[in-house]
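Single-structure report; data block below.
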Amino acid sequence: YYANELYAKSTDTNADAAAGPTPHSLRYKTAVVGQQGVVYIGNVKFKGEHKPDVMMFSMPNKPGVFPKFNYFDSPSSDGSPIVALAAFRDTILQFKENGMYVINVAGKMHTQASFRDCGVFNPCQVFTTSFGVIFVNKHGCFIYDGSKVISLTGGKFDWPKQSGVVESKSNTSDGKVPCIGYDPRSQS
């Protein structure tokens, strides 16, 4: 990466210099740590420009360094924001409101799969376990096991009618957004 890509004051900056380098402004709404200590951030605002469907990634084992060319445009490129990121094995799961994209980060980064209707509206709807990534939305509760999405509620009861879940951007304060978690001791 280039020497002028600064995100904090450099320790090798000459203290006598009148005007030192200024750090780039970088903000994000979701983050996850993947393999080799690489940090992935989504829904970024980089140098004042908001890019809701862009994912940036750090240098290996340098979690505070996000070079400007270390980015991955969302496969859908529909402009909808990245809501949550999850790391599982050598993939990053990118959750948007209407879909989930599996990004393979081993070697050359590429989209491995996409799943419609697997999106979420809030990061609390996604949880990573040792055996997969579980998530919940208005269609039910699901697990991504590394190759496919499996429904955990399908056929057990009428999820849309009995769950009371109504997802939308405006209902985050009235308690109808589902949340998910997992307790390994009780396996529930």
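The values are calculated or read from the model by the stated rules, or taken from the named source; none is laboratory data. Everything numeric here is computed off the predicted structure, so don't read it as measured data. Here the Cβ positions follow ideal geometry from the backbone for every residue, glycine too, while neighbour counts run over all protein chains shown. Please note that ligands, DNA and RNA were not included when accessible areas were found on the heavy atoms of the full protein model with its side chains. Shrake-Rupley method; radii C 1.70, N 1.55, O 1.52, S 1.80 Å.
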message: So, in the range 40-74, how many residues would count as being at pLDDT 90 or above and of a type in the set (D, E, K, R)?
response: 4
- prompt: Regarding Phe57, is this residue among the hydrophobic types (A, V, I, L, M, F, W, C), open to solvent by 40 Å² or more (accessible area, probe 1.4 Å) and out of contact with any helix residue (DSSP H, G or I) (no Cβ under 6 Å at 6 or more places or on another chain)?
  reply: yes
task: Kindly establish whether Phe121 is open to solvent by 40 Å² or more (accessible area, probe 1.4 Å), touching a strand residue (DSSP E or B) at 6+ places or on another chain (Cβ under 8 Å), part of a loop (DSSP other than H, G, I, E, B) and modelled with pLDDT of 90 or more.
output: yes
- line: Across the range 75-95, the tally of residues that are open to solvent by less than 30 Å² (accessible area, probe 1.4 Å) and modelled with pLDDT under 95 stands at 1
message: Can you report the number of residues in the range 99-110 which are of a type in the set (Ser, Thr, Tyr) and either surrounded by fewer than 16 Cβ atoms within 10 Å (Cβ to Cβ) or assigned to a loop (DSSP other than H, G, I, E, B) (or both)?
response: 0
query: Here are some residues: Gly132, Gly140, Gly119. Which one is over 14 Å from Gly42 (Cα atoms), under 12 Å from the mean Cα position of the chain (by Cα) and of a type in the set (Gly, Ala, Ser)?
result: Gly119
